[in-house]
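The next block holds one structure in the form of structure tokens; read it before the comments.
Rule-based calculations on the coordinates, nothing more; no lab input. This one's a predicted model, so the numbers in the text were calculated from it and none came from an experiment. Don't worry about glycine lacking a Cβ; one is built from the backbone with ideal geometry, like all the others, and counts go over all protein chains shown.
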Amino acid sequence: MTREERFLVDSMLGSLVTWLRILGYDTEYWKGDDREMLEVARKEGRIILTNDREVVRFAEKNGMPVLGLTSPDVPEALAKIALTFGISLEFDGRRTRCPLCNAPLQSSGSRWYCGECGKEYWIGSHWIDISRKLSEAKRRLMELRDCRA
Ligand SMILES: [Zn+2]
């Protein structure tokens, strides 16, 4: 039921954490030492997303999956992650995770419940914003693919 790729997101890219979790990807938010971050990523088999060039260089040198992201723009970043690692930009209610604590959510009809932090979610007005951002991400992905072809 869970998505395969796991991520570790650098503190500067915090807004991405929420989106990857909504899309169902196990995502840790890192706010600490770079060296430790690399260690955790290696141990837990996580792809590093960072805006730190030094981290990108180090990870590449050591054969660790990494993606350097310079823009804070969410659709742009999601499109680049999808292009590089093949993640899905489709929301799947059976695989979504808690944006706050990363635990897989249990669904009942159009509601979701987090067994970890107790938060409840449902399709409300914020949903329009979510689907708009994901559509934008998919559009950018198509543009990126065209550039490559
Ligand atoms: Zn939670």
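The table below lists the values:
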quantity	calculated
The stretch 76-100 residues near the modelled Cys117 label - backbone nitrogen below 16 Å, point 7 Å along Cα→Cβ	96-100
Cross-link partners of Lys31 among lysines (Cα-Cα below 22 Å; sequence separation of 8 or more within a chain)	Lys43
On Cα atoms only, tilt of 74-85 relative to the major axis of the chain in degrees	70
Taking Trp19, Trp122 and counting other C-beta atoms within 10 Å, the order from fewest to most	Trp122, Trp19
Relative contact order of the chain, pairs being alpha-carbon contacts under 8 Å that are 6 or more residues apart, as %	23
Fewest-first ranking of Lys80, Lys43, using other Cβ atoms within 10 Å as the exposure measure	Lys43, Lys80
Degrees between helix 126-148 axis and first principal axis of the chain (Cα, 0 to 90, nearest 10)	40
Estimated FRET transfer efficiency when R0 is 41 angstrom, pair Ser135-Glu36 (beta carbons, to 0.05)	0.65
Cβ-based exposure ranking for Met12, Met142, in which fewest neighbours within 10 Å come first	Met142, Met12
FRET efficiency estimate (nearest 0.05) - Cβ-Cβ, Glu90 to Phe58, R0 35 angstrom	0.60
Qualifying trypsin sites (Lys or Arg not before Pro) in the stretch 87-125, DSSP loop, other Cβ atoms within 10 Å at most 16	Arg94, Lys119
